[in-house]
Structure formats: structure tokens, C-alpha cells
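Have a look at the structure below before the remarks.
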Amino acid sequence: MTNTPFQVSRWKLAHGRNLELGPRGVLMAIINITPDSFSDGGRFIDAAAAVSAGLRAVEQGAEILDIGGESTRPDAAPVTAEEEQARILPVIAGLARETDAIISVDTYRAETARLAVEAGAHIVNDVHGLQREPAIAEAAAATGAGLCIMHTGRERQKLDDVVDDQFHFLDRSLEIAAGAGIARERIVLDPGFGFAKDTDENLELMARFGELHRFGLPMLVGTSRKRFIGAVTGRDAPARDVGTAATTALLRAAGAAIFRVHDVAINRDALVMADAMLAAKNSRRDTKP
């Protein structure tokens, strides 16, 4: 089934919340409580600083705050579940007290996901697509959390075609989610830009993004400051926000629903312009005889 990505859908989340997707793009702010993330490691390792950063992101236009306690960059040092939880749970609880914004936990661990939702998170965001620790699907189901399932090419043999590999991997992830009893209205998918994909593969995935709507589910994208943007622009990670904003506008026009970003303000402007263009396009279509 091909999804109509600009029509209204409601993403059902934990704690009785939901988020309207489709007619306008939604920003998810990255709040990494890590010393070693590729772009912003160490900035928010203190819980109070992380909460303040989240509140600023909401003021700038973020509707979702994505809280992570373990870096996902290649060759990052692993952390224990206890260390991950010690980093993120106070931040999630603090944000839940201070804002009505939707909170996402970036983890692949079932126990961390469960504790995060108990602390106030609404979404579980798994960069391993439920395939590293499948029990996370059961945790999401038990808590009623919204679920973001990401594609990755790490630690496995990929198919040669970049879009075929999306279906090969994510169809299995969706089977795991269905087996845990997670309804489709609780799921969004993420094609995993930058995760074991080279520059050419990332650009091809952007160019063929519309093919992913065959999943019939909303799509979240995370291109922010990724290496392929640096390869194209020649800029180091902290200087890739303009390039990121360009991908935000292009992927919104291609039907992406949610945009996971470091710099909320610049991507908000890119998204507002893309949505204005789409509204004008739809208005013209509606007035044609």
C-alpha cells in the first residue's frame, strides 16, 4: 500500500498522547547526554544543562525532544545499561515536569525503554530497528509508547539496491513489532541516513525517497550534520546546519513527516518554507477546474 504522506494521520503515543502528522512537518530536537557523540558530545552531559537545552529547543519550534545516553557514531565506546539510564532518566523526568513537549528515548535496550516511559517519555526510538534486542518491542507494547523503527546496515550484509535493502530490513522489523502486538498507528519508520551508507547511497536514498511510502507509514529522517553532507559541502560537522536544512526542505517535499535535527531554528525555517510551497501546490491543485 502506498501512503499518502501529506494527509492527516495520528501517531499514538504513551500517556494518552498523540501527534498529528502529514499536513505539516514536525521537528525532533537531538539532546545527547553523552561525552562522545560525533557533533555535540559533552555539551549536555549534566542533567540540568540537558533539560535547559530541551526547553530552548521547544521555544525554537521542536515538538519532540529525543533523549539519548549512548553515542551511535561508528566505533563509539559502548556504555552499560546502568550508565545509560543514569544519564537519561533524570533528564526525561525533568523535562516531563517542565514542558508538555513530546519526549522520545533513543535506546535499543528494553529495560531502558520501559524505565524511560515510566519517567515520562512518550516514544521509543530504536536505531537497531528492534533487531538487536527484540524485547524492546514488548516493552513498547506494554507501555503504549510510540515507536520509531530505524533501518541500519551495520553488522550485516546489505542488498546491493539501497531501496530494496530498506524493505528487506524493515519488513523484518515490522514483523517483530506485529508479533509484540504493536498497532501500526503507533509506528513511524526511519531510513537511517548515514548508518552504514556511503555518500552515494545516502544521496540515492534521498532521490528515491518517495518509494519508501510503499510501507504505508509516516517517515522520520535524521540527516543532521551527517558525514555525507560534509562530503558534498566540504564542511566539518559543526558547520553542516545549512546543508542539513537543505535536506530538510528536499525531504519534506518528498513526503518525510518528522525531522531529527541538532539546530532547531534553521531547520524550522527550512520546514516552514517547504510547507508553504506544498500548501501553494495543493491550493493550485484544488482550484483547477
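Among the residues of the stretch 84-100, is any within 18 Å of residue 180 (Cα to Cα) and without any contact (Cβ under 8 Å) to a residue 40 or more places away in the chain?
Among the residues of the stretch 84-100, not one is within 18 Å of residue 180 (Cα to Cα) and without any contact (Cβ under 8 Å) to a residue 40 or more places away in the chain, which makes the answer no.
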Boolean, residue 244 is at negative phi, hydroxyl-bearing (Ser, Thr, Tyr) and over 17 Å from the mean Cα position of the chain (by Cα): no
Conditions (1) buried (at least 21 other Cβ atoms within 10 Å of the Cβ); (2) farther than 26 Å from residue 149 by Cβ: number failed by residue 245: (2)
Close pairs from the stretch 254-273: first closer than 15 Å to residue 31 by Cα, partner open to solvent by 10 Å² or more (accessible area, probe 1.4 Å) and part of a helix (DSSP H, G or I), Cβ under 6 Å, at least 6 apart: 263/241; 264/60; 265/60
Criterion: open to solvent by less than 10 Å² (accessible area, probe 1.4 Å) and touching a His at 6+ places or on another chain (Cβ under 9 Å) - qualifying residue of 117, 124: 117
The stretch 223-239 - residue that is surrounded by 22 or more Cβ atoms within 10 Å (Cβ to Cβ) and in contact (Cβ under 8 Å) with a residue 60 or more places away in the chain and, of those, nearest to the chain's Cα centre (by Cα): 224
Residue within the stretch 48-65 that is at negative phi, open to solvent by 30 Å² or more (accessible area, probe 1.4 Å), in a loop (DSSP other than H, G, I, E, B) and modelled with pLDDT of 95 or more present: yes
Test: residue in the stretch 188-200 that is in a helix (DSSP H, G or I) and either among the aliphatic types (A, V, I, L, M) or within 19 Å of the chain's Cα centre (by Cα) (or both): no
Matching residues in the stretch 145-183 - criterion: being in contact (Cβ under 8 Å) with a residue 12 or more places away in the chain and small (Gly, Ala, Ser): 145, 146, 153, 173, 177, 179, 180, 181, 183
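The values are calculated or read from the model by the stated rules, or taken from the named source; none is laboratory data. Bear in mind that the values here come from a model prediction, so they are computed numbers and not experimental data. Glycine also receives a Cβ, built like all others from the backbone with ideal geometry; neighbour counts cover every protein chain displayed. When the accessible area is computed, the model is the full protein with side chains, heavy atoms only, and any ligands, DNA or RNA have been set aside. Shrake-Rupley method; radii C 1.70, N 1.55, O 1.52, S 1.80 Å.
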